[in-house]
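Engineer: A single structure is presented below for examination.
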Amino acid sequence: MQLVRALKEKSEGIYPFHMPGHKRMLAGDGIFSDIYSIDVTETEGFDDLHEASGILKEAQDKAAELYGADETHFLVNGSTGGILAAICGTVTINDTVVVAANCHRSVWNAVALSHADIYVTAPEAEESFGICAGVDPASVKSALSDISREGTAVVITSPTYEGVVSDIATIADICHSYKAVLIVDCAHGAHFGFDDDLPENPVKKGADVVISGVHKTMPSMTQTALIHINRNCPSKDRIRKMLTVFTTSSPSYVLTSSIDSMISLIGRSRKELFEPYVNRLNRFYEKASGLKCLTVLNRRMLTRKGSYDHDKGKIVVGDTTGRVSGRRLFDILYEEYSICAEMAGFSYVILMTSVADTDEGFNKVLDALFKIDSMICRMPETGKKNEPVPLPHLGEGRIKNRMIEAMFAEDTEQVAVERSCGRIAKDLITIYPPGIPVTLPGQPVSAGAAESISEALRRRLKITGLNNKEVTVLWERSST
Ligand SMILES: Cc1ncc(COP(=O)(O)O)c(C=O)c1O
């Protein structure tokens, strides 16, 4: 009963500026209050998600219409399921896939399974908070002309966790001129296109495959997501096949009907939900501009090539004067103001918002931020600015895909982070969230990666892929 007790107790009285997007407040339909009574899978009278032809097909078609897609499939194991299917259905051994270095680990795991070689393209760093900029279309063009082979794929994340949006229309045109498939990980942008004040939905900007994480920013249950496939996508049949490979054979109707319920809710009440949401956000940014020591990221601060637009729904706030780290700010919000942020980075926290947020929620966080701001301003200056977040340290250009080989390697040893530099990593190491890799299995650990891991350990950030705070590397004769 520990889990049940935790569910009842842990979130009581805490305001959720994190996923899921329904915020435990906005359910499209009353039937979800008794989950057991609606928990079925593909039994008599119900449709089969793997070959939808009845009620699931109808629901998926309704979702496609809402998002303006030619074809939409429901996903019940998060955006991860769609990313695996999209990449493994599009590229394979002897192909080269262009991947933006700041893609989530689910993308890298999919690339590992695909056995395709990799061409890394690295977005620049924004000065504000050191976050990744958007993907520069010119870098995609240069990667594709370097590969000089048609029929590959380009995978990018837009928006990023911090809400940075890339120029999908231009990138899609470039991809199509090289006959490459553009796959957009839009896990954080399922709410795009539902208000003029939000960025446009990438489906309508010409991307071939878009994965929308509806559980993150829309009122839909955890694990639910959508994959949209353009009718001209040359790998669409293989992606459909891969969807059946990566999806459970017992998809939950609780989850699929939660997506359906959200789609109907937005279909009938889009304006009523999104207008007040965007007004709340605009009011928040206007008031937050009065903060003195804390900084809130906005569109004007995104100055690097590739940063095309900004999702104001992701509130990125931090102390750029260096007195309070992201982790500390997260803890203060939680412990002193009963606000749970989505994540803590090196120097900032992300407050994730959705149409389910309330005026009370926004007032509560504004009040907390102003109080924290005056506390920070009274603290002595450290003279040290907050370090930027670690960017991916994967370099740029072509990489032989040795990921599975390294992940399965048996001759390995563990070394202290400072000694891992130059050694071949066994595991994908990410600072989580955001889950962007600092090392790839089968690739040397860079000096920057080792430094970022050490810094993240010092700042108590969660890291995946370490073993007892050490890096597992492939054994080398010279290392004995
Ligand atoms: C950018 C990005 N892509 C994909 C995913 C995977 O999404 P899910 O947890 O729905 O599988 C995440 C998860 O946080 C993410 O941040």
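Engineer: Looking only at the stretch 74-100, count how many residues are assigned to a loop (DSSP other than H, G, I, E, B) and more than 13 Å from the ligand (Cβ to nearest atom).
Structural biologist: Within the stretch 74-100, residues that are assigned to a loop (DSSP other than H, G, I, E, B) and more than 13 Å from the ligand (Cβ to nearest atom) number 5.
Engineer: All but one of (1) assigned by TED's automatic domain parsing to the domain that holds Leu243; (2) more than 24 Å from Ser79 (Cβ to Cβ); (3) hydrophobic (A, V, I, L, M, F, W, C) hold for Ile14, so report the exception by its number.
Structural biologist: So Ile14 meets the others, but not (1).
Engineer: I'm checking my understanding of the structure. Among residues of the stretch 343-362 that are of a type in the set (Asp, Glu) and touching a helix residue (DSSP H, G or I) at 6+ places or on another chain (Cβ under 9 Å), which one is surrounded by the fewest Cβ atoms within 10 Å (Cβ to Cβ)?
Structural biologist: Out of the qualifying residues, it is Asp359.
Engineer: Could you go through the stretch 440-463 and let me know if any residue there is under 17 Å from Asn102 (Cα atoms), within 16 Å of the ligand (Cβ to nearest atom) and in contact (Cβ under 8 Å) with a residue 12 or more places away in the chain.
Structural biologist: For the stretch 440-463, residues under 17 Å from Asn102 (Cα atoms), within 16 Å of the ligand (Cβ to nearest atom) and in contact (Cβ under 8 Å) with a residue 12 or more places away in the chain: present.
Engineer: Sort out which residues of the stretch 85-105 are surrounded by fewer than 24 Cβ atoms within 10 Å (Cβ to Cβ) and without any contact (Cβ under 8 Å) to a residue 60 or more places away in the chain, and write them in order of number.
Structural biologist: Selection gives Thr92, Ile93, Asn94, Asp95.
Engineer: Restricting to the stretch 420-439, and then to whatever is away from the ligand (no atom under 16 Å from the Cβ) and either part of a loop (DSSP other than H, G, I, E, B) or of a type in the set (Phe, Trp, Tyr) (or both), can you tell me which residue is surrounded by the fewest Cβ atoms within 10 Å (Cβ to Cβ)?
Structural biologist: Gly422
Engineer: May I ask you to list pairs of residues, at least six apart or on different chains, whose Cβ atoms are under 6 Å apart, with the first in the stretch 129-150 being in a helix (DSSP H, G or I) and the second being among the hydrophobic types (A, V, I, L, M, F, W, C)?
Structural biologist: From residues that are in a helix (DSSP H, G or I), the pairs are Pro137/Ile171; Pro137/Ile174; Val140/Val154; Val140/Ile171; Val140/Ile174; Lys141/Ile174; Ala143/Val98; Leu144/Ala180.
Engineer: Applying the selection to the stretch 106-119, what residues are crowded, with 20+ Cβ neighbours inside 10 Å, more than 16 Å from the ligand (Cβ to nearest atom) and not small (Gly, Ala, Ser)?
Structural biologist: Ile118, Tyr119
Engineer: Continuing with the same structure: Within the stretch 391-403, identify whether any single residue is in contact with a strand residue (DSSP E or B) (Cβ under 6 Å, 6 or more places away or on another chain), buried (at least 17 other Cβ atoms within 10 Å of the Cβ) and modelled with pLDDT of 95 or more, and answer yes or no.
Structural biologist: There is at least one residue in the stretch 391-403 that is in contact with a strand residue (DSSP E or B) (Cβ under 6 Å, 6 or more places away or on another chain), buried (at least 17 other Cβ atoms within 10 Å of the Cβ) and modelled with pLDDT of 95 or more.
The values are calculated or read from the model by the stated rules, or taken from the named source; none is laboratory data. Because the structure is predicted, anything quoted here is derived from the model rather than measured. Cβ atoms come from the backbone with ideal geometry, glycine included; neighbour counts cover every protein chain shown.
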